[in-house]
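Colleague: Let me begin by handing over the structure; questions about it come next.
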Amino acid sequence: MANQFNDKVVVVTGGAQGIGLCIADEFRKEGAHVCVIDKQDGPHFVGDISNKDVLEAFASDIIDRYGRVDCIINNALPLMKGIDQCTYEEFQYALSVGVTAPFYLVKLLMNHLCDGASIVNISSSRDRMSQPRTESYTAAKGGIAALTHALAVSLAGKARVNSISPGWIDTAFQSYEGPDATQHPAGRVGHPLDIAHVVMFLCSDKAGFITGENICVDGGMTKQMIYHGDHHWHLEQ
């Protein structure tokens with residue numbers, strides 16, 4: 001994929017930290033013009049994507065600067081709170097960041113998409129499995145996974161739209177050994193580059209026949225059946 005993204009315009013939400021920063025950096029290495037929006041201060045567009053006016057200003061800035069868009073990576077992280085503590089307003093906020101903002105950003109930019117454009121939505125393996133008290137985040141991630149195939153159909157001939165569902169991705173660059181690593185069939189905890197590499201693939205010509213698809217990048221965790229007393233698994237009560 002060397003030089004494939006040279007001079008391409010790539011939009012990354014939540015691109016100032018974690019997985020989003022890694023994605024943005026990988027595109028920059030390939031010569032892309034990367035437009036980042038994040039709540040964190042820095043040399044990028046600073047703003048909260050739950051706000052309609054902020055999204056409109058961000059889209060206008062991209063259009064004014066480049067007049068075109070090749071890739072949109074909807075990565076910004078929704079709030080995670082459970083049914084015991086999450087308020088109505090917090091739940092709405094999570095959905096605004098995780099589902100409404102990706103929809104509206106694509107809507108704002110879709111008339112400026114280049115030929116061969118690609119949209120990648122970052123969902124989560126929580127779109128199909130849960131821990132207790134994660135409702136706001138899980139609902140948002142399930143929503144963006146479903147939004148993906150809807151957009152893929154609506155934007156047919158204009159852009160390919162796919163999603164990625166990361167599992168445990170260590171954004172703090174710690175070293176994990178023992179059960180944390182070996183519980184994964186892949187034998188380790190994930191790294192932001194594991195997600196960035198799949199994003200780059202989905203945005204490349206090599207993925208030209210893939211749209212409306214979700215790829216789970218979780219080291220095999222969601223494929224592993226777990227029963228008490230089987231294969232060294234034990235439920236502590």
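Colleague: Quote the charge dipole size of the stretch 60-141 about the Cα centre in Debye, to the nearest 20; the model charges only the Cβ of Lys and Arg (+1) and of Asp and Glu (-1).
Modeller: 180 debye
Colleague: What does the accessible area per residue of the stretch 37-131 come to in Å², with a 1.4 Å probe and no ligands, DNA or RNA counted?
Modeller: Roughly 50 Å² per residue, with all protein chains present.
Colleague: Determine the sum of side-chain charges near Val189: Lys and Arg each +1, Asp and Glu each -1, restricted to other residues whose C-beta is under 12 angstrom from that of Val189.
Modeller: Cβ neighbours under 12 Å give a net charge of -4.
Colleague: Calculate the dipole size of the stretch 142-219 relative to its Cα centre from +1 charges on Lys and Arg beta carbons and -1 charges on Asp and Glu beta carbons; express the result in debye to the nearest 20.
Modeller: Using Cβ point charges on Lys, Arg, Asp and Glu, the stretch 142-219 gives about 380 debye.
Colleague: Straight-line reach from Lys52: which lysines fall under 29 Å, measuring Cα to Cα and dropping same-chain residues less than 8 apart?
Modeller: Those lysines meeting the cut-off are Lys8, Lys39, Lys81, Lys107, Lys141, Lys158.
Colleague: Once a ≥ b ≥ c are taken as the square roots of the eigenvalues of the Cα gyration tensor of the stretch 73-190, is the result rounded (a/c under 1.5), prolate (a/b larger than b/c) or oblate (a/b not larger than b/c)?
Modeller: oblate
Colleague: Taking H placed 1.01 Å from N in the peptide plane, check which residues at least 5 places from Val36 or on another chain put their amide H under 5 Å from its amide H.
Modeller: It is Val12, Phe45, by chain and number.
Colleague: Would you mind pulling out the separation of the Cα centroids of the stretch 114-169 and the stretch 39-63, in Å?
Modeller: When both Cα centres are located, 21 Å separates them.
Colleague: When only alpha-carbon atoms are used, what values of Rg and Dmax, in angstrom, describe the chain?
Modeller: Rg then Dmax for the chain, in Å: 18.1, 60.
Colleague: For the stretch 124-214, which GluC sites (Glu not before Pro) are in a loop by DSSP, counting at most 14 other Cβ atoms within 10 Å?
Modeller: Glu177
Colleague: Kirkwood Rh over Cα pairs of the stretch 155-237 into Stokes-Einstein at 25 °C, 0.890 mPa s: D in µm²/s?
Modeller: Stokes-Einstein gives a translational diffusion coefficient of 165 µm²/s.
Colleague: Using only alpha-carbon positions, what ratio does the radius of gyration of the stretch 166-210 give when scaled by 2.2 N^0.38 Å?
Modeller: Against the compact-globule rule of thumb, the ratio is 1.42.
Colleague: Hey, got the dipole for the chain? About the Cα centre, +1 on K and R Cβ, -1 on D and E Cβ, debye to the nearest 20?
Modeller: 520 debye
Colleague: Output wanted: per-residue J couplings in Hz (rounded whole) for the stretch 26-42, from phi through Karplus 6.51 cos²θ - 1.76 cosθ + 1.60, θ = phi - 60°, x for Gly and Pro.
Modeller: 5, 5, 4, 4, 8, x, 7, 8, 9, 9, 10, 10, 7, 6, 5, 5, x
Colleague: A further question on this structure: Go through the stretch 219-236 residue by residue and turn each phi into a ³J(HN,Hα) via Karplus (6.51, -1.76, 1.60, θ = phi - 60°); whole Hz please, and just put x for glycine and proline.
Modeller: Once rounded to whole Hz, the list reads x, x, 4, 6, 9, 9, 6, 10, 10, 4, x, 9, 6, 6, 8, 9, 8, 8.
Colleague: Considering the stretch 1-108, what Rg and Dmax in Å follow from its alpha-carbon atoms?
Modeller: So, for the stretch 1-108, Rg and Dmax equal 14.6, 49 Å respectively.
The values are calculated or read from the model by the stated rules, or taken from the named source; none is laboratory data. Just so we're clear, the structure is a prediction, and the values are computed from it rather than from any experiment. All Cβ positions, even for glycine, are placed from backbone atoms using ideal geometry, and neighbour counts span all protein chains on display. SASA here: full protein model, heavy atoms, side chains in, ligands and nucleic acids out. Shrake-Rupley method; radii C 1.70, N 1.55, O 1.52, S 1.80 Å.
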